[in-house]
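This report refers to the structure that appears directly beneath it.
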């Protein structure tokens, strides 16, 4: 493993942005790199995973309903929420294409938390962000009408231009609405001047009107 090269690459990720080189390099000495084939399940129990190459798809924990939750790209991390919990009940992760993943086990992450306060605060900020994200998703599911669910979903990204992390079929499953209803709601929002859509990209034109109207 090229520690210097990996250190520079990993520090481009927000979670690791402020960690000291010495602490990260020490952690990298004990990290494990693994390669996964397309569609192979990735076990992230008690590990923080960093995608070196390729990507991953995250599905709901219920194996009877294959619900796509999000996609993880190269340079992103996953597994933080369940790192110190001996029960991987949150989701199932599968390799998208051939992927190389770097794993920091719980002891290794604990070392970084205890020896670098910037990383510790960054980790807390990261987890807080995930909690806020999940709360927004709960708000989407309990919003009521199809239009309201969609408006809350779009607003949850907090950006003017959104690149959907999943396809529209997965969005309809996530929000528990029919595909036809989803397309009608998207068309209505576009006609009302609230959004503009180009494939999987959505631009919010009038956020206030979107939330007030729906």
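Show log10 I(q)/I(0) for the chain at q = 0.08, 0.11 Å⁻¹, two decimals, from a solvent-free Debye sum over equal Cα scatterers. Ignoring solvent entirely, the Cα scatterers give -0.33, -0.61. Whole-percent P(r), the stretch 1-41, all Cα pairs, 5 Å bins from 0: 5, 21, 28, 18, 12, 11, 4, 0. In this simple spin-label model, placing a label point 7 Å from the Cα along the Cα-to-Cβ direction at both residue 161 and residue 22 gives a separation of 4.2 nm.
What FRET efficiency comes out for residue 196 versus residue 74 if R0 is 35 angstrom and r is the Cβ-Cβ distance? Round to the nearest 0.05. So the FRET efficiency works out to roughly 0.75.
Backbone N atoms of the stretch 28-45 closer than 19 Å to the 7 Å Cα→Cβ label point of residue 8 belong to residues 28-29. When Rg and the Kirkwood Rh are both derived from Cα coordinates, the Rg/Rh ratio for the stretch 1-127 amounts to 0.96.
Here, each number is a calculation from the coordinates, and none is a lab measurement. Values in this document were obtained by computation on a predicted structure and should not be read as measured data. Cβ: placed from backbone, ideal geometry, glycine included. Neighbour counts: every protein chain shown.
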